[in-house]
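Chemist: Below is one structure. I have some questions about it.
The values are calculated or read from the model by the stated rules, or taken from the named source; none is laboratory data. Source: prediction; values computed, not measured. Glycine also receives a Cβ, built like all others from the backbone with ideal geometry; neighbour counts cover every protein chain displayed. Ligands, DNA and RNA are stripped out before the accessible areas are found, and what is left, the full protein with its side chains, is counted by its heavy atoms. Shrake-Rupley method; radii C 1.70, N 1.55, O 1.52, S 1.80 Å.
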Amino acid sequence: VKEAAVKRLIHKFSSDNMSDEEIEWCLYSIGDNSSFLVFNRDPVDHMIEYLEANFPPTLANDHKRSLAIRAGSKGARLSHGHSQQYQYALQSLTLWREIQNDMFKLWCLAEEDLLDSGNYYSLRDTGQGLNRVQSAPRIGRAMHEILHRAQKKVGSWIGSSVVHLGDHNVPNALMFIDKYTQVPRILNPIVNVIDSIPRLAEDKTVAELMERNCGSIKDCQLDILQDFFKHAFDGSGADNFYDAGSCIDGRLTSAWNWCNKLDKKSYYPIFKLAGFTGFDGSFKN
């Protein structure tokens with residue numbers, strides 16, 4: 001069906017100004033982008049939906065499902081009431097969504113920054129080995145446009161809006177791209193587990209496990225989501241506010257830190273029952 005549609009469009013729009021091959025390239029590029037967005041942007045949209053549907057900003061700080069965090073408690077380095085933490089998680093996810101939406105453009109800009117003959121670099125030990133430290137002006141401008149778009153969407157901004165580029169945190173444009181390609185690798189497994197829980201609960205033994213540990217099937221889902229929205233956005237992951245905290249890149253550092261501690265969580269067996277093998281997928285094959 002897809003091939004037939006491509007042929008019809010080529011026949012309809014080919015002309016002296018645009019060859020059959022050029023139209024075919026355009027159509028397949030559009031298809032590639034759509035596939036990319038399904039895997040990379042859709043999980044962020046799902047997490048935003050979970051947040052808005054289950055943890056409304058009007059909840060009291062002492063509510064069972066409050067997202068309130070306090071610095072020094074359970075590894076958190078930020079202190080937010082529920083409504084603040086709701087907004088902080090929402091704006092972080094919204095920013096990630098906008099970055100995924102523009103990732104193809106950012107890839108092109110990253111290559112231009114890296115290969116610009118006038119953009120010199122130096123090899124430095126950044127604390128993560130020897131890295132090519134190089135400014136990324138094109139990525140920087142694009143990121144500030146994306147940040148402005150995200151800020152406009154959410155209406156207000158909590159925390160820092162500093163974007164690390166060309167320093168020991170994000171040495172160059174390629175490291176920036178690599179950092180944000182991790183977002184779907186983090187969120188897709190979580191979305192898969194949340195969606196799998198009702199199916200898993202069809203097994204009586206598993207349902208009893210969930211009810212014994214969480215209270216109900218729904219509570220099992222909410223426990224996982226609540227912990228993620230609290231502690232994947234709590235400023236943790238480094239020992240200073242320059243490397244983690246509330247800056248743009250620090251939000252992702254906190255999410256990585258949450259992933260690193262997943263096997264210590266009380267709900268980790270549910271992840272395993274849902275087929276979770278890791279945030280990089282299975283390497284068994």
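Chemist: Within segment 226-249, is there a residue that is among the acidic types (Asp, Glu), modelled with pLDDT under 95, part of a helix (DSSP H, G or I) and open to solvent by less than 10 Å² (accessible area, probe 1.4 Å)?
Modeler: Scanning segment 226-249 turns up at least one residue that is among the acidic types (Asp, Glu), modelled with pLDDT under 95, part of a helix (DSSP H, G or I) and open to solvent by less than 10 Å² (accessible area, probe 1.4 Å).
Chemist: Hey, among the residues in segment 50-78 that are in contact with a Ser or Thr (Cβ under 7 Å, 6 or more places away or on another chain) and surrounded by fewer than 18 Cβ atoms within 10 Å (Cβ to Cβ), which one's nearest to Trp258 (Cα to Cα)?
Modeler: Per the criteria, the residue is Gly75.
Chemist: Would you mind telling me which numbered condition in (1) out of contact with any helix residue (DSSP H, G or I) (no Cβ under 6 Å at 6 or more places or on another chain); (2) surrounded by 12 or more Cβ atoms within 10 Å (Cβ to Cβ); (3) part of a loop (DSSP other than H, G, I, E, B); (4) of a type outside the set (Lys, Arg) Ser15 fails?
Modeler: (2)
Chemist: Leu115 fails exactly one of the following numbered conditions: (1) over 23 Å from Ser35 (Cα atoms); (2) in contact with a helix residue (DSSP H, G or I) (Cβ under 8 Å, 6 or more places away or on another chain); (3) of a type in the set (A, V, I, L, M). What is the number of that condition?
Modeler: So Leu115 meets the others, but not (2).
Chemist: Name, by its number, the condition in (1) within 22 Å of His46 (Cβ to Cβ); (2) out of contact with any helix residue (DSSP H, G or I) (no Cβ under 6 Å at 6 or more places or on another chain) that does not hold for Asp223.
Modeler: Every condition holds for Asp223 apart from (2).
Chemist: Okay, moving on. Answer yes if at least one residue in segment 21-32 is under 28 Å from Gly250 (Cα atoms), out of contact with any helix residue (DSSP H, G or I) (no Cβ under 8 Å at 6 or more places or on another chain) and acidic (Asp, Glu), and no otherwise.
Modeler: The answer is no; no qualifying residue exists.
Chemist: May I ask you to verify whether Ser254 is farther than 30 Å from Asn119 by Cβ and among the small types (Gly, Ala, Ser)?
Modeler: Yes, satisfied.
Chemist: Quick test for you: out of Glu98, Glu111, pick the one residue that is open to solvent by 10 Å² or more (accessible area, probe 1.4 Å) and either in a helix (DSSP H, G or I) or of a type in the set (Ser, Thr, Tyr) (or both).
Modeler: Glu111
Chemist: With the structure loaded, tell me whether Leu262 is open to solvent by 70 Å² or more (accessible area, probe 1.4 Å) and among the hydrophobic types (A, V, I, L, M, F, W, C) or whether it fails that test.
Modeler: So Leu262 fails the test.
Chemist: Filtering segment 18-49 down to residues that are of a type in the set (A, V, I, L, M), under 30 Å from Glu98 (Cα atoms) and without any contact (Cβ under 8 Å) to a residue 24 or more places away in the chain, which residue is most open to solvent (accessible area, probe 1.4 Å)?
Modeler: By that ranking, first place goes to Ile30.
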